[in-house]
Each structure stands twice: as structure tokens, then as C-alpha cells.
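Chemist: Would you mind keeping the following structure in view while I ask a few things?
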């Protein structure tokens, strides 16, 4: 067996299963605020597009993706992030992927050099566990930078020494679980560091379309690179998905875009990896990227949930409305794992203890004392869950 498999830690939900083993849930309807799986209805027109191309499974799909899909993605990128040159984006700067999860893992296997003297990969803490697993299985070393609700300050606290030893920089913007959004100034600073110290930026932007109407659309990495004159997006890679934007997590559809030289090598890697997207999924995805009305309705539904839930929770915990995403990341007045157990035992509500999403560095786990709440259930369920949270904390 690959000895690096022994370096992997249990996934957070496996740790939660162990934590809750033996606890009998309260005799109430279960409400899950744990998994970031959208529960809003999938767009019917996308499902129709998927069905009408089912005969496409009789053909082998191209790893590069269809011209229809790449063109649709390129058009969306240029409109959303004020880019230009749709033709070049479509031809050589975009690759469809089967959801960003597999691509965020695979890009590390493609670009990291395990023979180099310095094998550091910088990543946020708390974080999406795929970043760490991808780094370890590529023979490199995870190095964590703490994140909070103040995303700009978190990035600006990283030292030149850390940047100098870095091969790849994982960024989640908007952040999971904090919901913080980086400014254009901070992204420019990060791109300048990448050029100076020769590392790649991998920007996980899968929550970019789930933003608060009051905060406005988050700026993107390619958008900032473009304003800097870096129209080839050197050392910049962004990852987008239909899972959150369009409530299609089971479609497993997303894309990577950016540095043409990396895209070329990543295409070669993926040709051997055998991960091309099924033709019906490609067609349905192309249709989904062309429509914004369902995305606007999605954002409005999340805004309604925040407006309903926050006034209830603010009386018992320190919690703020994030600029983007669909999570809450409150500070608790009690220990996060015992609170998770109590929520199941007394209210049958599933949450994620913040310490399970982070790693201890210098004796501190920045996720400890927090809990992640995913507002993915319907509005009435989220309100019900908020009342149950208040009940437990008032005890």
C-alpha cells in the first residue's frame, strides 16, 4: 500500500460518528445543519437538458470537454468577472471537471514536486479536508494559516518566509466555514507574492455565487489578475462548481480555469486519470451556466434564512452574518464537541464541531469553540433548528 495513506486523518464526519456513537437522539424530527449539501430544488430546465441527451452515453466523452460546455463556461466567466477573450478562455484556459472536490485533489498530484527541497503547501485552518489529503498523497507538507471572519488580515499575516518555501497555496474565497470574502487589494498582494516566490494559487471559489445581496458579488482571482495585466493568469487557477450555485451537488460538475501552461499539463494528467465528464452532464452543465435567474432566487432564499435565524441566535451566542456562503460560524459559550452531543441528545439537530474542521498548530486549534451551521434546509426547518439551539444553550 501507498505509505502516505497512513498520514491521512479520519474525515470530519467519521470523527463525528464516533463522537455521537451511543447517544440516543431526541424524539423529534431530525434537522441536519451539518453537511453543506444544498436542499433547494434543482432547476427543472437543467434536469430536462440532462434527460434529452441521455443517448450521449453511447459515446466516449472528451477529457477536454465539448465546445458547447467550454464556450458556456467562458462566456459566464467573462461576464461574471469582467474578463475578455472568450475564444482563448474556451480553447486553452478552461477544463471541465467532475466537481471541484476531485479537481482540487488532482491538481496537487499534477503540479507538486515531491523531490524539491521545500515541499510546503499553504492552506487555511479551519479548512476543507481535501486540501490536506491531496498534499500528503502528493508527498508534500501541509502548512496552515489561520482564518477568521477577517479574511484580508489572515492573508496579510502570512510571512515572506512562508511564501518563499511554498509550492502551492490553497485559498478558499469566499471562505468555508467563515464566509469571509477577500478584497481585490489582498488578492493582488497574493498574486504578487506568487510571482515573486514562484508558487501556484489554487482558489476554491465554489461559494462565489452564494453571497448576501447587501454585500454584493465577491471579487475573483482571475478578475484581479486581469486588472493587473496578467491576462494569461500566470500561476493563478480558479475552481468553480454547479453544486452550490445551482443546487446540483449530485451532478458532479465544475471547472478549472486559469494559467494555460498548467491547464495543458493538467489535461495530460487527466487523460491518463480517466475522469472525463459524461456527455449528458456536459450538455446540462452548459445550459446551467447560461442562466442567472435561478441563481438569484437561490441567493434570495439564503438571505431570507439569515434574516430569520440570526435574531434568534444572537441572544445566546456570538454570531455574525457572513458576506457569502451558506454557513454560520458562531463562537460558543461551551465546548464545541459537548455542544454537538447535546444538540443530538436533546434536540436531534446535527451540527459540526469547529475543532473537527481545523488542526492544532502551536497548541491552538482555531476551530475550537466554534460550530459550523449549514443553512441548507428549508426556511421553516432552519427557524425550528435555531429555536432548538437556543433551548440547549439556555439550559
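Chemist: Within the group 250, 254, which residue is in contact with a helix residue (DSSP H, G or I) (Cβ under 6 Å, 6 or more places away or on another chain) and under 23 Å from residue 105 (Cβ atoms)?
Modeler: Being in contact with a helix residue (DSSP H, G or I) (Cβ under 6 Å, 6 or more places away or on another chain) and under 23 Å from residue 105 (Cβ atoms) holds for just one of 250, 254, which is 254.
Chemist: Considering only residues that are farther than 22 Å from residue 375 by Cα and assigned to a loop (DSSP other than H, G, I, E, B), which ones fall in the range 1-26?
Modeler: 1, 2, 8, 9, 10, 21, 22, 23, 24
Every residue, every condition in (1) under 16 Å from residue 388 (Cβ atoms); (2) outside any loop (DSSP other than H, G, I, E, B), yes or no:
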residue	(1), (2)
304	no, yes
308	yes, yes
312	yes, yes
316	yes, no
321	no, no
334	yes, no
337	no, yes
340	yes, yes
344	yes, yes
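Chemist: Residue 78 - would you say it is farther than 30 Å from residue 352 by Cβ and either surrounded by 12 or more Cβ atoms within 10 Å (Cβ to Cβ) or touching a helix residue (DSSP H, G or I) at 6+ places or on another chain (Cβ under 9 Å) (or both)?
Modeler: yes
Chemist: Considering each residue of the range 346-364, count those that are touching a helix residue (DSSP H, G or I) at 6+ places or on another chain (Cβ under 9 Å) and either assigned to a strand (DSSP E or B) or touching a residue at least 40 places away in the same chain (Cβ under 8 Å) (or both), and give that number.
Modeler: Count: 12.
Chemist: Could you check, for the range 95-103, whether at least one of its residues is in a loop (DSSP other than H, G, I, E, B), outside the structural domain of residue 9 (by TED's automatic domain parsing) and either at positive phi or touching a strand residue (DSSP E or B) at 6+ places or on another chain (Cβ under 7 Å) (or both)?
Modeler: Scanning the range 95-103, I find at least one residue that is in a loop (DSSP other than H, G, I, E, B), outside the structural domain of residue 9 (by TED's automatic domain parsing) and either at positive phi or touching a strand residue (DSSP E or B) at 6+ places or on another chain (Cβ under 7 Å) (or both), so the answer is yes.
Chemist: Consider the range 40-57. How many of its residues are assigned to a loop (DSSP other than H, G, I, E, B) and either in contact with a strand residue (DSSP E or B) (Cβ under 9 Å, 6 or more places away or on another chain) or free of Cβ contacts under 8 Å to residues at least 24 places away in the same chain (or both)?
Modeler: 0
Chemist: Looking only at helices (runs of 4 or more DSSP H) that fall completely inside the range 110-191, which ones have 2 or more residues that are at pLDDT 95 or above and under 27 Å from residue 10 (Cβ atoms)?
Modeler: Filter on the range 110-191 gives 130-137.
Chemist: Being closer than 26 Å to residue 7 by Cα, surrounded by fewer than 23 Cβ atoms within 10 Å (Cβ to Cβ) and touching a strand residue (DSSP E or B) at 6+ places or on another chain (Cβ under 9 Å) is the requirement here; does residue 168 meet it?
Modeler: No: the conditions fail for residue 168.
Chemist: Out of the residues in the range 88-121 meeting the condition of being touching a helix residue (DSSP H, G or I) at 6+ places or on another chain (Cβ under 7 Å) and free of Cβ contacts under 8 Å to residues at least 60 places away in the same chain, tell me which one is farthest from residue 146 (Cα to Cα).
Modeler: 90
Chemist: Still on this model: Given the conditions (1) over 13 Å from residue 64 (Cα atoms); (2) at pLDDT 95 or above, report the number of the one that residue 315 does not fulfil.
Modeler: (2)
Chemist: Answer yes or no: is there a residue in the range 269-284 that is closer than 23 Å to residue 326 by Cβ, in contact with a helix residue (DSSP H, G or I) (Cβ under 8 Å, 6 or more places away or on another chain) and in the same structural domain as residue 82 (by TED's automatic domain parsing).
Modeler: Yes, some residue in the range 269-284 is closer than 23 Å to residue 326 by Cβ, in contact with a helix residue (DSSP H, G or I) (Cβ under 8 Å, 6 or more places away or on another chain) and in the same structural domain as residue 82 (by TED's automatic domain parsing).
Chemist: Kindly indicate the residue of the range 176-189 that is surrounded by 23 or more Cβ atoms within 10 Å (Cβ to Cβ) and under 20 Å from residue 235 (Cα atoms) and also farthest from the chain's Cα centre (by Cα) among those meeting that condition.
Modeler: Only one residue fits best here, namely 187.
Chemist: Filter the range 273-302 for residues that are in a loop (DSSP other than H, G, I, E, B) and modelled with pLDDT under 95; which is surrounded by the most Cβ atoms within 10 Å (Cβ to Cβ)?
Modeler: 276
The values are calculated or read from the model by the stated rules, or taken from the named source; none is laboratory data. Not measured: the values here are computed from a predicted model. Reconstructed Cβ throughout: ideal geometry from the backbone, glycine too, with neighbour counts over all protein chains shown.
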